[in-house]
Amino acid sequence: MEQARGQVGRRAFVRRLAGAAVAIGLGALAQRRETSIARAQPVAETPVQVRLGEVVQSGADFRAGLAERVQLPRAGGDGWSIAAERVGGRFTSEPLPIDFACSHVGVHWRTDGGSQRGLQVELRSSRDGATWTSWRQVQAEAHGSERISSELGAEAETFGALVGGRLGRWLQYRVTFAEHGTDTAAVRRVALTYLDARGPSSGRTGPDVPSPALGSKAFLGRVITREGWGADESIRFVDGEDQWPRAFVAPKLLVVHHTATDNEQPDPAAEVRAIYTYHAITQGFGDIGYHLLIDNRGQAYEGRRGREGEPGPLDREVLSRDVVAGHVFGYNYGSVGIALLGTFTDAEPSESALQTLEEALAFEASRHGLDPTERTAFLRARSRGGEDALWRDDLAQVCGHRDGVPTECPGDRVYARLPELRAQVAARLGPPGPRARIVRGPEDRSVWPTDLVFGWDGLEGAVEFSTRLEGWRLSGEPDRIIPLSGYGPDERPTWSPWSRERAASYPLAPDAHGSYTLHVRARGPGGREGLYAARWPLFVDRHVLVDNAEGDRTARQGSWQRSTNVLGFNAADYEFSEPPGDLAAFAWTLDVLEDGTYRVLACWTEGTDRATNARFTISAVGQPLAAAEVNQREGGGRWVELARVPLSVGSPCRVELTNQADGVVIADTIRIVLI
């Protein structure tokens, strides 16, 4: 049977602390101002510098630990890993002394690239090396900025969410291999990043934040700013350079997370500082990955830094509109990430936290014109050049992290609340008012460059409309975009003047390529603007794309089954066929719109049961052009080039896949791109 793949994808980072225990000095700390939390006054007057260190184990270091049914590196084999000998194999490290009492610990590990399904990592701490806390499981994180690191090569780096250090000066970890097989990952390196994020307010508790029915401006006014929680802005820079340049893309999704950290939060601001430092330095983002964080008392904290030079006392924009963060790999360009502090796999979130989450979602939905009850098609962007852009259909506009990538986040208890939250947010926002409905646009959302022609109707008394054709593509420079349409200075959105027109045409140059979305706002006779905007997303390039679900351009022989079991597919689903018995074949037919040489690309979802030799053949008018064998156990969720072939107008390209392979074969989408 086709299986879900449990391994979390590789993490990106740009720099790493080196050595066994590197400490960054703890500077002077400011005294906390005693004010009402509910009014979001500062909890720190100056930046709080987080103390940071790291201890690393690899090779011979593992031999000092305890191995139970686990193979250790032998003498002279310092480059070897720890690997399971049998199911249930367990490795426990020696007790590891650290330089200072820590408030938080982040465990991250590298493997040989094998399957991490069943791999469990736990941590405990001690203040004296004799009395230890209980073992606590480390939750693997599955978010990230879109950087691609070349440092790791074929190895995979997994980052665990922060675990409370309980002021320990000794740390110990253990790794359990709950499964064993030829593809089971071996662990090459384990690093413990330990932090002291405490400020002078540590240990104090505050009241729950009242949650009246607040308007969006009122909500923004009670968010604790980065200055308020003590963000040390200096750690965003290396040699004077901002490590995470800001980009701005209009959100189409609101994504709910949990931080998978401890539920005990005596000093929530310290929790935020620790996450910020761990994301910015250890994981190499350059800033915190979330837009907003909420503690169990219902207080909200500003996350990712946005536009500079804004009027006001801070000389910057608080909770900056449209800024791209790093919270769902592949979905960061065009989404907002809101995280509840804590782990909610089994524990229930507090009612105060849920009420503030509802307010935060209403605030973001209101300012971005999103209907919290609707579903959408989203264009993922994972690589710098945008070559890995894939559609994801039928995604709730208020969704959980797990809806995009395989992860437990935001925890079962929070995820179960999302349907109720969507309804509550819609009720909080009230009647939607005048709306537009786009009724005419390009039939295919993957479009060859041409004139884009749209038409729309008015609903609920709408008489005037304002439009924005948002267009952008990823830059070769990490984390930046190239604005193409609908952007003004400082990457701010620009809209057309209000008009009674119900149609628009946008000519595109032949070399245009990028992500485009038409946004249409509506207002009534009295000037009342509706809450929600209509949208029509497109992906423009000199390309043709055919998905498995397009029945008029696909053909099947033998047994094929549809599935959404493994995330990373294009559009709504993919199809699979079991290894050979009876022959099964899947064929895509793609029209050629211009003579030339084309790249032929395929995408699939990866898994340990997949074929390592899935065979594609490429032909035109019955003449074979190329063939390729690919390993579908890797490369999932992105475009993989099969071949480069000459194609001509009037001679469609045919790509065929058979199940004559050593595992399950996946038929998803084929794309041809003119070189």
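The values are calculated or read from the model by the stated rules, or taken from the named source; none is laboratory data. Fair warning: this is a prediction, and the values are worked out from it, not measured in the lab. Here Cβ is always computed from backbone atoms with ideal geometry, including for glycine, and neighbour counts include all displayed protein chains.
Taking segment 241-259, which residues are under 15 Å from the mean Cα position of the chain (by Cα) and not hydroxyl-bearing (Ser, Thr, Tyr)? Result: VAL249, PRO251, LYS252, LEU253, LEU254, VAL255, VAL256, HIS257, HIS258. Could you go through segment 653-674 and let me know if any residue there is surrounded by fewer than 16 Cβ atoms within 10 Å (Cβ to Cβ) and of a type in the set (Gly, Ala, Ser). Checked against the condition, which is being surrounded by fewer than 16 Cβ atoms within 10 Å (Cβ to Cβ) and of a type in the set (Gly, Ala, Ser), segment 653-674 yields no hits at all.
With respect to THR467, determine if the residue is without any contact (Cβ under 8 Å) to a residue 60 or more places away in the chain, more than 30 Å from ASP242 (Cα to Cα) and buried (at least 18 other Cβ atoms within 10 Å of the Cβ). In short, yes. Against the numbered list (1) in a loop (DSSP other than H, G, I, E, B); (2) within 25 Å of SER320 (Cα to Cα), LEU361 comes up short only at (1).
Residue by residue, here is whether (1) within 26 Å of ASP573 (Cβ to Cβ); (2) touching a Gly at 6+ places or on another chain (Cβ under 8 Å); (3) buried (at least 22 other Cβ atoms within 10 Å of the Cβ); (4) touching a residue at least 24 places away in the same chain (Cβ under 8 Å) holds:
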site	(1), (2), (3), (4)
THR617	yes, no, no, yes
PRO624	no, no, no, no
GLU641	yes, no, no, yes
VAL645	no, no, no, yes
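No other residue among GLY312, GLY334 is among the small types (Gly, Ala, Ser) and over 21 Å from ALA231 (Cβ atoms) apart from GLY334.
Would you confirm whether or not segment 399-414 contains a residue that is in contact with a Gly (Cβ under 6 Å, 6 or more places away or on another chain) and over 24 Å from ASP668 (Cα atoms)? Checking segment 399-414: at least one residue is in contact with a Gly (Cβ under 6 Å, 6 or more places away or on another chain) and over 24 Å from ASP668 (Cα atoms).
Across segment 386-423, the number of residues qualifying as under 16 Å from VAL566 (Cβ atoms) and of a type in the set (S, T, N, Q) comes to 1.
If you go through segment 560-583 and pick out every residue that is among the small types (Gly, Ala, Ser) and either under 20 Å from ARG671 (Cβ atoms) or buried (at least 23 other Cβ atoms within 10 Å of the Cβ) (or both), you end up with 4. Restricting attention to segment 612-637, the residues that are under 27 Å from the mean Cα position of the chain (by Cα) and not in a strand (DSSP E or B) total 7. Take GLU308 and tell me if it is acidic (Asp, Glu) and either in the same structural domain as VAL447 (by TED's automatic domain parsing) or in contact (Cβ under 8 Å) with a residue 12 or more places away in the chain (or both). Criteria not met by GLU308.
Does segment 254-276 include one or more residues that are outside any loop (DSSP other than H, G, I, E, B), modelled with pLDDT under 95, assigned by TED's automatic domain parsing to the domain that holds ASP315 and not hydrophobic (A, V, I, L, M, F, W, C)? Checked against the condition, which is being outside any loop (DSSP other than H, G, I, E, B), modelled with pLDDT under 95, assigned by TED's automatic domain parsing to the domain that holds ASP315 and not hydrophobic (A, V, I, L, M, F, W, C), segment 254-276 yields no hits at all.
If you go through segment 325-335 one residue at a time, do you hit one that is part of a loop (DSSP other than H, G, I, E, B), surrounded by fewer than 19 Cβ atoms within 10 Å (Cβ to Cβ) and in contact (Cβ under 8 Å) with a residue 24 or more places away in the chain? No, there is no match, as no residue in segment 325-335 is part of a loop (DSSP other than H, G, I, E, B), surrounded by fewer than 19 Cβ atoms within 10 Å (Cβ to Cβ) and in contact (Cβ under 8 Å) with a residue 24 or more places away in the chain.
Cβ-Cβ contacts under 7 Å between residues 6 or more apart (or on different chains), taken from a first residue in segment 419-435 that is over 30 Å from ARG500 (Cβ atoms) to a second residue that is part of a helix (DSSP H, G or I) and among the β-branched types (Val, Ile, Thr), are absent. Give the residue that is farthest from GLY635 (Cα to Cα), with candidates limited to residues of segment 93-124 that are in a strand (DSSP E or B) and of a type in the set (Ser, Thr, Tyr). Among residues in segment 93-124 that are in a strand (DSSP E or B) and of a type in the set (Ser, Thr, Tyr), the one farthest from GLY635 (Cα to Cα) is SER103. For LEU395, the conditions (1) over 23 Å from GLY607 (Cα atoms); (2) assigned to a strand (DSSP E or B) all hold with the exception of (1). For segment 513-559, taking the residues that are of a type in the set (Gly, Ala, Ser) and surrounded by 19 or more Cβ atoms within 10 Å (Cβ to Cβ), the one that is nearest to GLU501 (Cα to Cα) is identified as ALA522.
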